[in-house]
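Data block below; observations after.
The values are calculated or read from the model by the stated rules, or taken from the named source; none is laboratory data. Note that the coordinates shown come from a computational prediction; the quantities given were computed from them, not determined experimentally. Backbone-built Cβ (ideal geometry, glycine too); neighbour counts: all protein chains shown.
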Amino acid sequence: MHEILQPLDQHLKLLNLNQDANGLTFVFKLETKSASCPNCGNLSQRPHCSYVRVVRDIPIQDKEVTMIIHLHKWFCDNVDCSTKIFTERLTWLSPYRRKTNRMEETLRTLAFSMSCLQAEKVCRSLHMPTSHDTLLNLIKKTDIQSDYKDSPFCSH
């Protein structure tokens, strides 16, 4: 199990693993001594408090995966920074999201491959239950780069 989770973050410590009929639930603690402010980049070593995030990840062995992660909030001691308290950032989890980046990318691929109603059914069969509205929102939020500006057939 360590090999599966190690690519996420080396500071994650597995506290508990619960397996039931619905899937796998991992309880993690992020063991860090400091964090960088997302606004100014100042390294903070002064924790404010801790909080819990519940996120979904891609399935493992045909089981839904839920992650409960204990994280910290930190004080930003830079007097010039407008951010006074900030949360730890994870490279594999976007701020305010409830799904890992790799889960969102998988859902995005399915949403662009077929209709969102079909993708919803496929996701359910792959143990990644999500609504077609969520898939549509992923499509809407996707930044699509256009190559048409260099085309001689496209007028501006």
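Has the stretch 40-56 got any residue that is under 19 Å from Glu104 (Cβ atoms), β-branched (Val, Ile, Thr), touching a residue at least 24 places away in the same chain (Cβ under 8 Å) and assigned to a strand (DSSP E or B)?
Yes; the residues of the stretch 40-56 include at least one that is under 19 Å from Glu104 (Cβ atoms), β-branched (Val, Ile, Thr), touching a residue at least 24 places away in the same chain (Cβ under 8 Å) and assigned to a strand (DSSP E or B).
Might you let me know whether the stretch 101-121 holds any residue that is under 27 Å from Ile139 (Cβ atoms), part of a strand (DSSP E or B) and either at pLDDT below 95 or touching a Ser or Thr at 6+ places or on another chain (Cβ under 8 Å) (or both)?
The answer is no, given that none of the residues of the stretch 101-121 is under 27 Å from Ile139 (Cβ atoms), part of a strand (DSSP E or B) and either at pLDDT below 95 or touching a Ser or Thr at 6+ places or on another chain (Cβ under 8 Å) (or both).
Of (1) in contact (Cβ under 8 Å) with a residue 60 or more places away in the chain; (2) closer than 19 Å to Gln10 by Cβ; (3) not charged (D, E, K, R), Met67 satisfies all except one. Which?
(1)
For the stretch 122-146, what are the residues that are in contact with a Lys or Arg (Cβ under 7 Å, 6 or more places away or on another chain) and in a loop (DSSP other than H, G, I, E, B)?
Those that are in contact with a Lys or Arg (Cβ under 7 Å, 6 or more places away or on another chain) and in a loop (DSSP other than H, G, I, E, B): His127, Thr142.
Taking the options Arg108, Arg46, Arg89, Arg97, name whichever one is under 21 Å from Asp133 (Cα atoms), out of contact with any Leu (no Cβ under 6 Å at 6 or more places or on another chain) and basic (Lys, Arg).
The conditions single out Arg97.
Sort out which residues of the stretch 63-91 are touching a strand residue (DSSP E or B) at 6+ places or on another chain (Cβ under 9 Å) and not in a strand (DSSP E or B), and write them in order of number.
Correct list: Cys76, Asp77, Asn78, Lys84, Glu88, Arg89.
Looking at the stretch 10-23 only, could you name the residues that are farther than 17 Å from Ser50 by Cβ and within 17 Å of the chain's Cα centre (by Cα)?
The answer is Gln10, and nothing else.
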